[in-house]
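The structure appears right after this line, and notes come after that.
Read the figures in this text as sums done on the coordinates, not as results from a lab. Note that the structure is a prediction, hence the values are computed from the model and not measured. Glycine gets a Cβ as well: all are built from the backbone with ideal geometry, and neighbour counts include every protein chain shown.
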Amino acid sequence: MQLLQVEREIKDCIKQNPGCRFIDITRGTKKSVRIVHKCIEDLIKKEEITKKEVRSRVFRYYINK
């Protein structure tokens, strides 16, 4: 499976549910936790998505405009 395809699915999931959690993304994309984590970290490095901590160790994800 290509990581770019998974990245697109993650971005689509976040666009549909801004402020979603990691577990919401893994359920929405139906991909393994490991693959989703890798792709999210890559998307953050590319500055395509933002991770915001809302409580201690609780993160929400948003698409960068």
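Key figures for this structure:
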quantity	calculated
Neighbours by Cβ (under 9 Å, 6+ apart or cross-chain): first from segment 29-52, free of Cβ contacts under 8 Å to residues at least 12 places away in the same chain; second of a type in the set (S, T, N, Q)	Ser32/Thr26; Val33/Thr26; Ile44/Thr50
Any chance Lys38 is assigned to a loop (DSSP other than H, G, I, E, B) and either of a type outside the set (Val, Ile, Thr) or surrounded by 15 or more Cβ atoms within 10 Å (Cβ to Cβ) (or both)	no
Residue, farthest from Glu7 (Cα to Cα), within segment 41-62, restricted to residues that are loosely packed, with under 11 Cβ neighbours inside 10 Å and aliphatic (A, V, I, L, M)	Val54
Filtered residue count, segment 49-65, keeping only those that are of a type in the set (Phe, Trp, Tyr) and in contact with a Phe, Trp or Tyr (Cβ under 8 Å, 6 or more places away or on another chain)	2
Lys65 surrounded by fewer than 12 Cβ atoms within 10 Å (Cβ to Cβ) and either of a type outside the set (Gly, Ala, Ser) or under 9 Å from the mean Cα position of the chain (by Cα) (or both)	yes
Positions within segment 14-26 being closer than 19 Å to Leu3 by Cβ and free of Cβ contacts under 8 Å to residues at least 24 places away in the same chain, in sequence order	Thr26
Top-ranked residue of segment 20-31 - restricted to ones that are out of contact with any helix residue (DSSP H, G or I) (no Cβ under 8 Å at 6 or more places or on another chain) and surrounded by 12 or more Cβ atoms within 10 Å (Cβ to Cβ), ranked as nearest to Glu48 (Cα to Cα)	Arg21
